[in-house]
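The values are calculated or read from the model by the stated rules, or taken from the named source; none is laboratory data. Predicted model only: the values in this text are computed from it and were never measured. Backbone-built Cβ (ideal geometry, glycine too); neighbour counts: all protein chains shown. We work out accessible area using only protein heavy atoms, side chains counted, and drop any ligands, DNA or RNA first. Shrake-Rupley method; radii C 1.70, N 1.55, O 1.52, S 1.80 Å.
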Amino acid sequence: MEMNQIRYFLAVCQHRNFTHAASASNVSQPSLTTAIKKLEHELGGDLFVRDRAGCRLTALGKLMQPRLQKAHDETQAAKAEAVRHTRLERVPVSVGVGETIGHNRISAAVERFRTRLPQAEIELIVASASKLLAGLREGEFDVVVTAATVSEDLYRIDRLYDESYKVVVSKSHPLSERDAVSLSTLAETDMLDRPNCEMRDALHRACADQGLELYAAYRSNRVDWLVELARQGLGAVILPTTAIPADRGLVSIPIDGPEISRTVSALRYRHQTTRPETNDLIREIARV
């Protein structure tokens, strides 16, 4: 079954006349008639009954009309979508975001990006570093934002920003009045632990160097859960600056001791072509 057969069939349905349908379709009547006959052969029966008044649908024709109309409409919609994409009437950009990356800076960058390019459609997928890198290699993502360390042989790495970590507690927590929190104080505090945090090992090594050990009262791989536990006053969570929510019930405090920070980068797979729109979005995220 070919699309021109469906188009000619629908034209005859509309005009109830082969001659008029052929004219409206910019095709000769013999060509239209041949296409209709081929369609009837494929469907196993006559679609029209022709008489002096023109033609009318058979029972099979009435059954096929809504289905073929739907097939035609879907095809037209697909073509229109392709044209919009080619002409940049819509620009889909898929962004993979690491689980530990704060949304504040990325959200602001996406808003600025779409202000300049309103036809852009942004898809943000949050996942583990391993899933993001696999998706990037398979072409699922245009760019991945992560703090993971990767090989420059496989990925193009654009440094976006550096950020420090702070201790986040509720306003009623005993630490909330301090200007800074030492590692020894953290060792005496119920901690809200994030096993998938990049700085976790560095923090525990720094504590071990001082003969200290952090006690995790609660553990979760979800930042929002840990933030809610902190809000309830159940402990302290250490978060990167961009992941700290603007919440009057929370207080963020610098860590007094070794500098604990990370670099967040944008990754692109070297074997994948980069579109200009992706470059624009990366520049927006890198902006201060």
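Only Lys, Arg, Asp and Glu count, each charged at its Cβ (+1, +1, -1, -1), so figure out the dipole size of segment 3-69 about its Cα centre, rounded to 20 debye.
In debye, rounded to 20, segment 3-69 gives about 120.
Picking from M191, Q210, F141, whose Cα lies most toward the positive end of the charge dipole for segment 135-219 (charges on Cβ: Lys, Arg +1; Asp, Glu -1)?
After comparing all options, I get M191.
Count the lysine pairs in the chain whose Cα atoms sit under 29 Å apart, keeping only pairs 8 or more residues apart in sequence or on different chains.
So the count of such lysine pairs works out to 10.
Please work out the average accessible area per residue across segment 163-261, using the 1.4 Å probe convention, and give it in Å².
Roughly 53 Å² per residue, with all protein chains present.
Using a 1.4 Å probe over the heavy atoms of the protein chains, calculate the carbon and sulfur portion of the accessible area of segment 3-69 as a whole percent.
49 percent
Of the accessible area of segment 227-288, with the probe set at 1.4 angstrom, what percent is carbon plus sulfur?
49 percent
Under the rule of at least 5 residues apart or a separate chain, name every residue whose amide H is placed under 5 Å from the amide H of G233.
Those qualifying (amide H under 5 Å, at least 5 residues apart or on another chain) are S170.
Whole-Å semi-axes of the chain's equivalent ellipsoid, largest first, each the root of 5 times a Cα gyration tensor eigenvalue?
Sorted largest first and rounded, they come to 64, 20, 16 Å.
According to a simple spin-label model (label point 7 Å from Cα along Cα-to-Cβ), what is the distance in nm between R283 and D73?
4.2 nm
About its Cα centre, what dipole magnitude does the chain give when the only charges are +1 on Lys and Arg Cβ and -1 on Asp and Glu Cβ, stated in debye to the nearest 20?
Dipole magnitude for the chain comes out near 1740 debye.
For segment 149-237, which GluC sites (Glu not before Pro) pass both filters: DSSP loop (anything but H, G, I, E, B) and at most 16 other C-beta atoms within 10 Å?
Passing sites in segment 149-237 are E152, E188, E213.
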